[in-house]
Amino acid sequence: MARISFSQEGFSPFQQLLGHNKHILEKWSSLDDCLFNSPTFPAELKEEVRRRLAFNNGCHYCMAKGKPSDQNQITNSKILIATEIADTVSKNHPITEESFHKLKMAFTNAEISELLAFICFVTASQKFGALLELQPSCPI
């Protein structure tokens with residue numbers, strides 16, 4: 001059971017917790033759609049980043065959607081770099097110059113900006129779920 005009741009706004013348990021503030025839910029959902037539906041990165045990259053963040057951010061609701069791949073099994077260099085950066089950010093470690101150089105070699109400035117925005121947004125969403133103890137089995 002989540003720490004607060006579910007509102008009548010939203011379609012998912014996450015949205016119904018955020019739905020106590022309809023104006024925030026609307027803007028949050030709009031940004032969610034924008035980032036997850038952006039054609040900049042393939043769905044596989046976004047999903048690997050989301051999974052890695054879920055386990056680092058402690059959101060049980062998000063963890064239930066799948067475990068991250070073992071870093072040794074990721075063969076796509078962009079996905080590997082993106083998940084390494086997600087790991088670093090979600091553990092509150094600074095991005096080293098070496099890691100940032102890898103980012104710049106693999107991604108354009110626009111892609112770096114979007115990737116970091118995606119990581120920050122997903123982290124915020126997952127922290128919200130973790131703080132309210134959103135569980136995968138929460139009934140709505």
Being touching a Ser or Thr at 6+ places or on another chain (Cβ under 8 Å) and not polar (S, T, N, Q), is that true of even one residue in the range 95-106?
yes
Qualifying residue in the range 92-113 (condition: within 19 Å of Leu31 (Cβ to Cβ), of a type outside the set (A, V, I, L, M) and at pLDDT 95 or above)
yes
With the range 6-62 as the region, which helices (runs of 4 or more DSSP H) entirely inside it contain at least 3 residues that are of a type in the set (D, E, K, R) and under 23 Å from Lys78 (Cα atoms)?
43-57
Looking at the range 81-88, can you tell me whether even one residue there is loosely packed, with under 12 Cβ neighbours inside 10 Å and either β-branched (Val, Ile, Thr) or modelled with pLDDT under 95 (or both)?
no
Cβ contacts < 7 Å: first residue under 16 Å from Gln15 (Cα atoms) and touching a residue at least 24 places away in the same chain (Cβ under 8 Å), restricted to the range 28-44; second residue among the aromatic types (Phe, Trp, Tyr) and surrounded by 15 or more Cβ atoms within 10 Å (Cβ to Cβ), any location; separation 6+ or different chain. Result?
Leu31/Phe121
Test result for Ser113, surrounded by fewer than 17 Cβ atoms within 10 Å (Cβ to Cβ) and part of a helix (DSSP H, G or I)
yes
Single condition Gln73 does not satisfy, out of (1) over 21 Å from Gly129 (Cβ atoms); (2) crowded, with 18+ Cβ neighbours inside 10 Å:
(2)
Does at least one position in the range 63-81 carry a residue that is without any contact (Cβ under 8 Å) to a residue 12 or more places away in the chain, closer than 22 Å to Leu17 by Cβ, assigned to a helix (DSSP H, G or I) and more than 16 Å from the chain's Cα centre (by Cα)?
no
Filter the range 18-43 down to residues that are aliphatic (A, V, I, L, M) and surrounded by 13 or more Cβ atoms within 10 Å (Cβ to Cβ), then give me how many there are.
4
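The values are calculated or read from the model by the stated rules, or taken from the named source; none is laboratory data. What you are looking at is a predicted structure, and each value in this text was computed from that prediction instead of being measured. As a convention, Cβ positions derive from the backbone with ideal geometry for all residues, glycine included, and neighbour counts pool all protein chains shown.
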